[in-house]
Amino acid sequence: MKIKQTYSYLSDQLKKADFLPLLLIRLTLAYGFYTPARMKWNDINAIGEWFGTIGIPAPYFNACLAAGTEALGVVLLILGLGTRLISIPLMITMIVAIVTVHWANGFEAGENGYEIPMYYLLMLFTLLILGPGKASLDELIRKKN
């Protein structure tokens, strides 16, 4: 009986923090996209040139598109605003990164493999399906309407 009461108490306490996993996923992704977005914007011409060498069509346009998507993603993920919408282009960005850059290197992150982009893709898919969670502007707007 004591174990059942302890489990019930623990379960009740953990329910109070059910907003945390989705918030932490959003903040982790925002942090993860910040440096690549900044790096791309710092030398967008070099990124466009590089995109051309790896076979990405319209390389300068797509460099700007990737950098803009990542930068916008950082802001929207932090705020929890338009989370499901921004997840889609960020997922596409991760798929393109996996296919064009990381796949040939295998899975391991240490070998520039697709491990980290795959994790990002899975986290973005989680946000697409579950939404941003309670600690978000999306939720605040939903409650007002």
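The values are calculated or read from the model by the stated rules, or taken from the named source; none is laboratory data. Worth saying up front: this structure is predicted, and the values here are computed from it rather than measured. Positions of Cβ are backbone-derived with ideal geometry, glycine not excepted, and every protein chain shown enters the neighbour counts. The accessibility values were calculated without ligands, DNA or RNA, using every heavy atom of the protein model including side chains. Shrake-Rupley method; radii C 1.70, N 1.55, O 1.52, S 1.80 Å.
Things worth noting here:
- Pair-distance profile P(r), taking every C-alpha pair of region 1-134, with 5 angstrom steps and integer %: 2, 10, 17, 18, 17, 12, 7, 5, 4, 3, 2, 1, 1, 0
- Amide proton proximity set for Gly131, modelled H, under 5 Å, gap of 5+: none
- Only lysines eight or more places from Lys4 in sequence, or on another chain, were considered; those with a Cα closer than 29 Å are Lys15, Lys16, Lys134.
- Portion, in percent, of the accessible area of the chain that falls on carbon or sulfur, probe 1.4 Å: 69
- Degrees between helix 2-15 axis and first principal axis of the chain (Cα, 0 to 90, nearest 10): 50
- Contact order, relative form, for the chain: 25 percent (alpha carbon pairs under 8 Å, 6 or more residues apart, mean separation divided by residue count).
- Relative to the longest principal axis of the Cα atoms of the chain, the long axis of helix 44-53 lies at roughly 70 degrees.
- Principal-axis tilt of helix 83-97 within the chain, Cα atoms, nearest 10 degrees: 40
- Calculated FRET efficiency for the pair Met39/Leu130, C-beta based, R₀ 30 Å, to 0.05: 0.50
- For Ile56, residues with placed amide H under 5 Å, excluding near neighbours: none
- Accessible surface area normalised per residue over the chain is 64 Å², counting heavy atoms of protein chains with a 1.4 Å rolling probe.
- Exposure ranking of Ser8, Ser136 by accessible area [1.4 Å probe, largest first]: Ser8, Ser136
- Accessible surface, 1.4 Å probe, highest first, among residues Met94, Met39: Met39, Met94
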